[in-house]
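Report on the structure given below.
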Amino acid sequence: MLRPPGPKPHFLVGNLPLAAKDPLATFLSWAREFGDIFYYRAGWLHVYFLNHPDLIESVLVKNYQNFLKDRVVRNSRWFFGEGLLTNEGESWRRQRRLSQPAFHRERVSSYARVMTDYTREMLAHWRDGEVRDIHQEMMQLTLRVVVRCLFGVEADEIGAVSAAMNTIMRNTTGLRMLLPPSARYVPLPSMIEFRRAVRRLDETVYRIIETRRRDERDSGDLLSMLIEARDEDGSRMSAEQLRDEVLTFLLAGHETTALALSWAWHLLGRHPEVEARLEDELGAKLQGRAPAFSDLAALNYTERVLKEVLRLYPPAWSLARTVISDFELGGYTIPAGANVVMSQWIMHHDSRYFRDPERFDPDRWLDPGMQKLPRFAYFPFGGGPRQCIGASFATMEALLILATVAQRFRFDPVPDHELIPIPSFTLRPKRGIRMKLVAREGTGSERLEIPVVAGGD
Ligand code: HEM
């Protein structure tokens, strides 16, 4: 079978780019050398990398029925169960239909106040001149936000959910989620701690679901929308389905957004000219008050900053699929069982679509040429039927947090803190992102009043 060009393999293992010193640079150099489609074998896995928007569209949109989520995602089913991220076929379609209303614009906009209040609460603990790991700060903040938006105020167990999630995140460098299901019984202390946290999380989530189902009223949170959702035949989600969706939203719903924000602070810290323009816009449009959902339409520069951050550091750096039956693509036959990978990292750094692609330049999005960008030259939230259900939630949250924080602080890089993006499940900073907090004049250095988180906006 004719294969696309690719790197020279080691005769036993093939190529293991993820084990390379700099996997992202390795992928980029292969894409530049071999073009729109390249092939390599990693152990027993056959990988076809697609580096052209039309090829990506063919897989994600036009022929999506011929693909399954890849092995890595399938292996994480023991944690996510049949949640939206891991589910397939008719069962996925039904769950997506039932979950969609929880992410409609009106519902999502009602969480704006929670997002800004929690951000202000975080800022109340920050001091001018401190050095903090901004990535950790953003992870804690977005976790609190998603827990609160999922479960509302009434659940006493919010603290327990956050504690269990923290243990789970501490114990997942990405890899653990990717191990085959049997690996979770390995009696390592970290594995035992991880299993315990998953069990505690399950118990708590089931208890919340049980109480809510008896209660039957819409408390304004995502969980009550999921409980209320009925299919055309009147059926609802079972307790297990609810549990799987809730755990999926907890995990998918906080790490990615935290990463977008963390990379944003990193880039802003190194580009004072962009940071100054952001500050100007926030000053002019908000005049010191916390942003509300209704302000977002006017924060055009802030929006371009976020768009550009998601281009340069896409939190979901690649998507992968397994081919169900032999498939013709780009002049080659991709055999059943092979893996197809489409990388936002590669496409977003492609000079055919982005002039001077390494440059952090939010204003590039004003260029009329960018309106004609092919659909899959820029796809931080994926595309086709499986595209991110939380995209508007994440965008709103990231913009509100960016605006709330940037009004009070800017961040200076810490000397000798090298920043290395690691292509794990998501694009994570290897040793966090340590930055020095600089309070803006008249704000931040004094204690802010800690707001009481209220209901909608
Ligand atoms: C900046 C933040 C985010 C990014 C970059 C992001 C990215 C993505 C991408 C690329 C996919 C497609 C995966 C694939 O096709 O294999 C996806 C799917 C998904 N995302 Fe997000 N996401 C973000 C935030 C969120 C949030 C806030 C939630 C929920 C509250 C969420 C929930 C999901 C779910 C459930 C899916 C699976 C959808 C399905 O297959 O039906 N994501 N996300």
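Suppose a student asked you for the relative contact order of region 197-315, using Cα pairs under 8 Å spaced at least 6 residues apart; what percent would you report? Don't skip to the answer; put the middle values down first.
Numbers: 58 pairs, mean separation 25.6, N = 119.
It comes to 21 percent, rounded to a whole number.
Quote the charge dipole size of region 395-441 about the Cα centre in Debye, to the nearest 20; the model charges only the Cβ of Lys and Arg (+1) and of Asp and Glu (-1). Could the numbers behind the result be given before it?
Numbers: 8 positive and 5 negative charges, 19 e Å.
Around 100 debye, computed over region 395-441.
Using label points projected 7 Å from each Cα along Cα→Cβ, tell me how many nm separate Asp233 and Asp22, to one decimal.
Taking the simple label geometry, Asp233 and Asp22 are separated by 5.5 nm.
Taking H as built 1.01 Å from N, whose amide H comes closer than 5 Å to the amide H of Ile422, not counting residues under 5 places away?
Result for Ile422 returns Arg428, Lys430.
When the expected Rg is taken as 2.2 N^0.38 Å, what fraction or multiple of it is the alpha-carbon Rg of region 239-391?
Numbers: Rg = 18.7 Å, N = 153, 2.2 N^0.38 = 14.9 Å.
Output field value: 1.25.
Among Lys430, Lys436, what's the order by accessible area (1.4 angstrom probe), most exposed first? Before the final figure, lay out each step's value.
Working: Lys430 115, Lys436 85 Å².
These residues rank, largest area first, as Lys430, Lys436.
Once amide H atoms are built 1.01 Å from N in the peptide plane, which residues 5 or more positions from Leu373, or in another chain, come under 5 Å H to H?
none
Keeping all protein chains in place and using 1.4 angstrom, which order do Glu279, Glu240 fall into by accessible surface area, from largest down?
Details: Glu279 80, Glu240 100 Å².
Final ranking, largest accessible area leading: Glu240, Glu279.
Run the helix sum for the chain: -39,500 (n - 2.57) per DSSP H stretch of 4+ residues, divided by residue count, reported at 222 nm to the nearest 500 deg cm²/dmol. Let's see the in-between values first.
Details: 18 runs with 202 residues, N = 457.
Calculated mean residue ellipticity at 222 nm is -13500 deg cm²/dmol.
Would you grab the residues whose amide H sits under 5 Å from the one on Ile37? Only those 5+ places off in sequence or on another chain, please, with H modelled 1.01 Å from N.
Asn51
Which one, Ala160, Tyr111, Trp92, projects farthest toward the positive side of the charge dipole computed for the chain from Cβ point charges (K/R +1, D/E -1)?
Trp92
Using the Cα centre of region 60-159 as the reference point, and only Cβ charges (+1 on K/R, -1 on D/E), how large is the resulting charge dipole? Debye, rounded to the nearest 20. Numbers along the way, then the final one.
Values: 17 positive and 14 negative charges, 139 e Å.
Computed charge dipole of region 60-159: roughly 660 debye.
Given Cβ point charges of +1 (Lys, Arg) and -1 (Asp, Glu) and nothing else, what value in debye, to the nearest 20, does the dipole of the chain about its Cα centre take?
On the way: 61 positive and 59 negative charges, 219 e Å.
Magnitude of the dipole: close to 1060 debye.
How far apart, in nm, are the 7 Å Cα→Cβ label points at His125 and Trp78?
3.3 nm
For Asp215, tell me the accessible area in Å² from a 1.4 Å probe, rounded to the nearest 10.
Estimated to the nearest 10 Å², Asp215 gives 70 Å².
Using 0.36 nm per residue of separation minus the Cα-Cα distance, give me the extension gain between Asp412 and Asp363 in nm, one decimal.
Numbers: separation 49, 0.36 × 49 = 17.64 nm, distance 2.24 nm.
Here the answer is 15.4 nm.
List, in the order given, every pair from Lys285/Lys430; Lys307/Lys372; Lys285/Lys307 whose Cα-Cα distance in the structure shown is over 24 Å. Walk me through the numbers before you get to the answer.
Numbers: Lys285/Lys430 36 Å; Lys307/Lys372 16 Å; Lys285/Lys307 19 Å.
As for pairs spanning more than 24 Å Cα to Cα, those are Lys285/Lys430.
With contacts defined as alpha carbon pairs under 8 Å and 6 or more residues apart, what's the relative contact order of the chain in percent?
Working: 695 pairs, mean separation 126.7, N = 457.
Reported relative contact order: 28 percent.
Once both labels are modelled 7 Å past Cα along the beta-carbon direction, what's the Ala336-Glu88 spacing in nm?
Between Ala336 and Glu88, the simple spin-label model gives 1.2 nm.
Answer rounded, prolate or oblate for the chain, using the Cα gyration tensor with square roots of eigenvalues a ≥ b ≥ c: rounded when a/c is under 1.5, else prolate when a/b is larger than b/c, else oblate.
Values: a/c = 1.57, a/b = 1.16, b/c = 1.36.
Oblate.
Decide, for region 241-319, between rounded, prolate and oblate: order the square roots of the alpha carbon gyration tensor eigenvalues as a ≥ b ≥ c, take rounded if a/c falls under 1.5, and otherwise choose prolate if a/b is larger than b/c, else oblate.
Working: a/c = 2.93, a/b = 1.58, b/c = 1.86.
Because a/c hits 1.5 or more and a/b fails to exceed b/c, region 241-319 counts as oblate.
The values are calculated or read from the model by the stated rules, or taken from the named source; none is laboratory data. Since this is a predicted model, take the numbers as computed values, not measurements. Backbone-built Cβ (ideal geometry, glycine too); neighbour counts: all protein chains shown. Side chains included, ligands, DNA and RNA excluded: accessible areas come from the protein's heavy atoms. Shrake-Rupley method; radii C 1.70, N 1.55, O 1.52, S 1.80 Å.
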